[in-house]
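> Next up is a structure, given as structure tokens.
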Amino acid sequence: MSEIHRLKSQIVSRFSLGGFQIRSEASTFLAQQLQPLNDAERKKWITNVANHVQGQCLNLPVIEKQHIELAIKEANNTGLDDTETIFRVISAFEVPSFVYCAEKKKFLPDTNKRSLLATPDGKSSYIRERYWLLWQKTSRHETFSQRTTPGMEAPGNRNKLSLRKVENILSTSKMNDVVLLGLLTQLTEGRYYLEDPTGSIPIDISTATYSPGLFCEGCFLLAYGKYRDGVLKVEEIGFPMPELATNSRAFFGTVNSWGGPSKTLLKYSRNLNDLEKANVEHSLVFLSDCWLDNPIVMEKLEQLLRGYDDFPPVAIVLMGPFARSIENVYTLKGHFVKLGEILSSCEKLKSQTDLVIVPSIDDPAAANILPRPPVPEALAGELKKRFPRTILTTNPCRLQYCTQQIVVCRADLVTKLCRNTIHFPKEGLLEEHFARTIINQNTLAPLTPIAFPTHWNYDAALSLYPLPDLIVIGDPCQGFHTTEQECTVMNVGSFPKSKYAFKVYYPSSRTVEDSQIPDEE
């Protein structure tokens, strides 16, 4: 077999995987361009060219010579490395874990092996790491940081506050102007305490004033008050100080703290940044409560998919539950088959759009605890056969579009925070209080494990530090989107309950579009 003929076979095979048929003239041209390269470089370029062809939004899945020429030109201009992909889905179980080193004042990779079956000290360990994460960013805030030489006091520093530990407070009989960062707990029924790694202290919050947010047991709070007779009388209560992602990333360096195969953080990729800005039409579509067992929901979903076949987005993210009621879990397999049949007739979606399937805790084959494994292959395997670009992922999961970092979580987060708050704010919008809570807490689960069960060893998958660009929540309550600390927080809402509304995100402009399937009369 000649070298050109062997190369052509590889090229035809690669494009067939993407649902394309490549003309003989086009495959010969590409083979001639690749012939001088070694085998490793050839494979890299075949994949690179195929990815660029997929982004050309072709009317037919037939590749001509001019399509290959344009793809080669674009590939030469972008020069993406193997790990620089336009879109990637990262499983919750692949999210890297870091621990804060107080001596080096930076975050270091956690080298301990992780498993779902945590050791007994796993619970205290992940809560302690949350504390140190919040402590280091709060202590660096201008309210507490002391940047003067010992013995010298800079103008304006007279009112600086000191961040205390519980053991420092308990060592005295009384103390004024106490500022304490601690975990809100009920060590005895009906009595609140603030707890840190050095101990716990009872608090009196009967006359405290609250900053905006939803304060729940399991949150870390900043309390200001006076210590008398073994009790901290709290006058003001708030959350740990927020921090912009650009400031937080300085303590990780260039190491990949997000996840994926790249050794360095793709946030700093100039190639991906240029692509992101250039592709203003690229979008990500998000839906929640995709009840495939409901005929009307399936009809509306089909209408949405066929509509997007003319203007394919980068990805369509479908969040569960995928059945409103499940008496026999294997009935869900037939519903996924039907979804696959609809998608298999959408030619442009087949070649240009990834379908991301995010389960809810109500979907079968997993316990009511996060992170939750993907929908089993036994149920959704036929969907993947009919639509090969289907990605079965975890809940929560992370998405990487060019340089943008996106967290997706299907959970009743807004509802649970509202139900468990010890003080419901009288002013302000609910979405603003919710966004402030999870962003200042830097986690998707600022609740006691009893109210929001999580795998202790995989708390990193729920972390929001450094802050991502977009947080997508699938809560059945009314949809919304707001911005806090340059991070967009969006609740998709329920697709059926909102009269078939969904959200569309445009990464280039970082804007959210409210969309809805119209009623057909």
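The values are calculated or read from the model by the stated rules, or taken from the named source; none is laboratory data. Since this is a predicted model, take the numbers as computed values, not measurements. Ideal geometry is used to build each Cβ from the backbone, glycine not excepted, and the neighbour counts take in all protein chains shown. These accessible areas exclude ligands, DNA and RNA; they are computed on the full protein's heavy atoms, side chains included. Shrake-Rupley method; radii C 1.70, N 1.55, O 1.52, S 1.80 Å.
> Taking residue 29 as the residue in question, decide whether it is among the aromatic types (Phe, Trp, Tyr), open to solvent by less than 60 Å² (accessible area, probe 1.4 Å) and in contact with a helix residue (DSSP H, G or I) (Cβ under 6 Å, 6 or more places away or on another chain).
Yes.
> Kindly provide the set of residues from the stretch 90-128 that are in contact (Cβ under 8 Å) with a residue 12 or more places away in the chain, under 21 Å from residue 398 (Cα atoms) and open to solvent by 30 Å² or more (accessible area, probe 1.4 Å), ordered by number.
Result: 93, 94, 96, 98, 99, 109, 110, 114, 115, 116.
> Just one of the numbered conditions (1) within 21 Å of residue 283 (Cα to Cα); (2) outside any loop (DSSP other than H, G, I, E, B); (3) over 27 Å from the mean Cα position of the chain (by Cα) is not true of residue 296; which one?
Unmet condition: (1).
> Taking only the stretch 502-516 into account, find how many residues are open to solvent by less than 60 Å² (accessible area, probe 1.4 Å) and more than 20 Å from the chain's Cα centre (by Cα).
So the count comes out to 1.
> Take residue 499 and decide whether it is without any contact (Cβ under 8 Å) to a residue 40 or more places away in the chain, in a loop (DSSP other than H, G, I, E, B), of a type outside the set (Val, Ile, Thr) and open to solvent by 20 Å² or more (accessible area, probe 1.4 Å).
Numbers: without any contact (Cβ under 8 Å) to a residue 40 or more places away in the chain: yes; in a loop (DSSP other than H, G, I, E, B): yes; of a type outside the set (Val, Ile, Thr): yes; open to solvent by 20 Å² or more (accessible area, probe 1.4 Å): yes.
Yes.
> Name every residue in the stretch 101-139 that is modelled with pLDDT under 85 and under 23 Å from the mean Cα position of the chain (by Cα), in order of residue number.
106
> Look through the stretch 453-468, keep the residues that are of a type in the set (A, V, I, L, M, F, W, C) and open to solvent by less than 10 Å² (accessible area, probe 1.4 Å), and return whichever of them is nearest to residue 92 (Cα to Cα).
Of the stretch 453-468, the ones of a type in the set (A, V, I, L, M, F, W, C) are 456, 460-462, 464, 467.
Subsequent filtering for residues that are open to solvent by less than 10 Å² (accessible area, probe 1.4 Å) retains 461-462, 464, 467.
Numbers: 461: 5, 462: 8, 464: 13, 467: 16 Å.
Of everything passing the filter in the stretch 453-468, 461 is nearest to residue 92 (Cα to Cα).
> Here's a follow-up. Please go through the stretch 162-191 and give me each residue that is open to solvent by less than 80 Å² (accessible area, probe 1.4 Å), assigned to a loop (DSSP other than H, G, I, E, B) and not small (Gly, Ala, Ser), ordered by number.
Matches in the stretch 162-191: 165, 172.
> Also, quick follow-up: Of the residues in the stretch 346-359, how many are at pLDDT 95 or above and hydroxyl-bearing (Ser, Thr, Tyr)?
1
> Across the stretch 469-489, which residue is most open to solvent (accessible area, probe 1.4 Å) among those that are polar (S, T, N, Q) and assigned to a strand (DSSP E or B)?
First, pick out the residues of the stretch 469-489 that are polar (S, T, N, Q): 478, 482-483, 485, 488.
In the following step, the residues that additionally are assigned to a strand (DSSP E or B) were identified as 482-483, 488.
Details: 482: 25, 483: 87, 488: 15 Å².
Among those residues, the one meeting the criterion is 483.
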